[in-house]
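Scroll down for the structure; my scribbles are underneath it.
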Amino acid sequence: MKPPWGGEPLALPLNVRLYRAGGPTLLDLVAEMIHDVAAWFPDRRFLLVADGFYAPLAGRTLPRTHLVSRLRSDAALYTLPPPREKGRRGRPRKKGFRLPDPKTIAARARDWRRVQTEERGRIRERLVCVRKVVWYAVRPDAPVLLVISRDPEGVEKDDFFFTTDVSRTPAAVISVFADRWPIEDTFRAVKQSLGAEEPQTWQGQGPERAGAFAYFLYGLVWLWYIRHGYGSVGIRVTPWYRSKCRPSFLDARAALRTALWRNRFSPTVLGVPQLEKLTVPLVEALARAA
C-alpha cells in the first residue's frame with residue numbers, strides 16, 4: 001500500500017502459510033493463499049507480484065489474478081500462433097515459431113522506447129522492448145507480455161519481466177515489480193524488531209501460530225500508525241539523521257508504545273507537573289530503547 005508520507009510502499013501481511021519439508025510445495029502454498037484471498041474479496045481483481053522462483057504460477061488457474069514476475073534469460077519463447085486457415089482440419093496451433101532467448105532478443109532489438117517508471121517511490125527513466133509471446137512450457141494456452149528493461153546509462157544489466165496481463169503497460173510492469181522490495185523489509189522487521197524467530201516452538205501448530213501472530217502484529221502496528229500515530233506524532237528527527245523524511249517500522253512501534261504507556265502513566269502523574277515533566281521524556285526514551 002502507498003503510505004501517506006509517500007516514497008516506498010509498505011508490504012502489509014494478509015495471509016501466511018508455513019512450509020514444511022515433505023508437505024505442499026511453495027508454489028502450492030501460494031496458490032492456496034490466492035484462492036483464500038479471492039474468496040474473501042469476491043468482487044476484487046488481483047495482481048500477484050513475485051520473484052522468478054514463482055514464475056511457473058503463470059501456468060496455474062488463479063481466480064481473477066494476473067501475475068508479474070521475472071523471466072529467465074534463456075526461456076524458450078515462441079511467436080503467437082498464426083490465424084487458422086479457413087477449411088483447415090485438425091487442432092488449431094497453440095504456438096508459432098521459436099524465438100531466440102530473451103537475452104538474444106534484447107541484443108538484437110532496435111525498437112526500444114523510453115518510458116518513465118516509479119520504482120520504490122522514485123521516478124526513473126528506462127528503455128523498454130515489448131513483445132507478446134507464448135511461453136509454451138509454462139502457459140501454453142495464452143500469451144504473456146515480455147518486457148525487457150534497459151538502463152539508459154548502461155550501468156545496470158538488462159532485466160527481463162513478464163506479465164499474464166497483456167494489456168498492462170511496460171512502465172507499469174517495471175514499476176510494480178520494483179515495488180515488491182518492501183516485502184524483504186517486512187521479513188527483516190518481523191524477524192529483527194518483533195522477534196518472530198525467538199519463540200521456542202517446534203511441533204504441531206506452534207511454529208505456524210507464532211509466525212502468523214508476528215506478521216499480524218506487524219500489520220497492526222503500521223495500520224495504527226497510519227491512522228493515528230503519523231498525524232499526531234510525526235517523524236522524529238535525530239541529530240545524526242537530519243535528512244530523514246520517512247518513518248521506519250521502529251518509529252511506528254515506538255509511537256505505539258509511547259501512546260500505550262502515556263495512557264497508563266498519565267492518571268498517576270496528572271496534576272503533578274514535576275512528575276509529568278520527568279515521565280514524558282522517560283516514556284519516549286524507553287519506548288525506543290525497549
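Values as computed for the structure displayed
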{"read-out": "Restricting the stretch 94-144 to residues that are among the aliphatic types (A, V, I, L, M) and part of a loop (DSSP other than H, G, I, E, B), the residue that is farthest from residue 76 (Cα to Cα)", "value": "109"}
{"read-out": "Where residue 80 falls short, out of the listed (1) modelled with pLDDT of 95 or more; (2) surrounded by fewer than 16 Cβ atoms within 10 Å (Cβ to Cβ)", "value": "(1)"}
{"read-out": "Residues within the stretch 106-131 that are touching a strand residue (DSSP E or B) at 6+ places or on another chain (Cβ under 7 Å) and touching a residue at least 24 places away in the same chain (Cβ under 8 Å), tallied", "value": "15"}
{"read-out": "Residue within the stretch 58-66 that is at pLDDT 95 or above and part of a strand (DSSP E or B) present", "value": "yes"}
{"read-out": "Some residue of the stretch 204-222 being among the hydrophobic types (A, V, I, L, M, F, W, C), more than 19 Å from the chain's Cα centre (by Cα) and loosely packed, with under 14 Cβ neighbours inside 10 Å", "value": "no"}
{"read-out": "Among the residues listed as 158, 151, the single one being of a type outside the set (Lys, Arg) and in contact (Cβ under 8 Å) with a residue 40 or more places away in the chain", "value": "158"}
{"read-out": "Qualifying residue in the stretch 41-49 (condition: touching a helix residue (DSSP H, G or I) at 6+ places or on another chain (Cβ under 7 Å), assigned by TED's automatic domain parsing to the domain that holds residue 107, assigned to a loop (DSSP other than H, G, I, E, B) and under 20 Å from residue 161 (Cα atoms))", "value": "no"}
{"read-out": "The lone exception for residue 68 - which of (1) closer than 30 Å to residue 43 by Cβ; (2) surrounded by fewer than 16 Cβ atoms within 10 Å (Cβ to Cβ) it fails", "value": "(2)"}
{"read-out": "Residues within the stretch 120-150 that are under 22 Å from the mean Cα position of the chain (by Cα) and surrounded by fewer than 18 Cβ atoms within 10 Å (Cβ to Cβ), tallied", "value": "6"}
{"read-out": "Any chance residue 185 is at pLDDT below 95, within 30 Å of residue 221 (Cβ to Cβ) and not hydroxyl-bearing (Ser, Thr, Tyr)", "value": "yes"}
{"read-out": "Residue, nearest to residue 65 (Cα to Cα), within the stretch 163-206, restricted to residues that are among the basic types (Lys, Arg) and free of Cβ contacts under 8 Å to residues at least 24 places away in the same chain", "value": "188"}
{"read-out": "Lone qualifier among 110, 64, 120, 72 - being more than 27 Å from residue 30 (Cα to Cα) and either touching a Phe, Trp or Tyr at 6+ places or on another chain (Cβ under 9 Å) or among the basic types (Lys, Arg) (or both)", "value": "110"}
{"read-out": "Where residue 95 falls short, out of the listed (1) surrounded by 14 or more Cβ atoms within 10 Å (Cβ to Cβ); (2) under 23 Å from the mean Cα position of the chain (by Cα); (3) modelled with pLDDT under 90", "value": "(2)"}
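The values are calculated or read from the model by the stated rules, or taken from the named source; none is laboratory data. These numbers were taken from a predicted model, which means no experiment stands behind them. Neighbour counts are summed over all protein chains in view; Cβ atoms, including those assigned to glycine, are modelled from backbone coordinates with ideal geometry.
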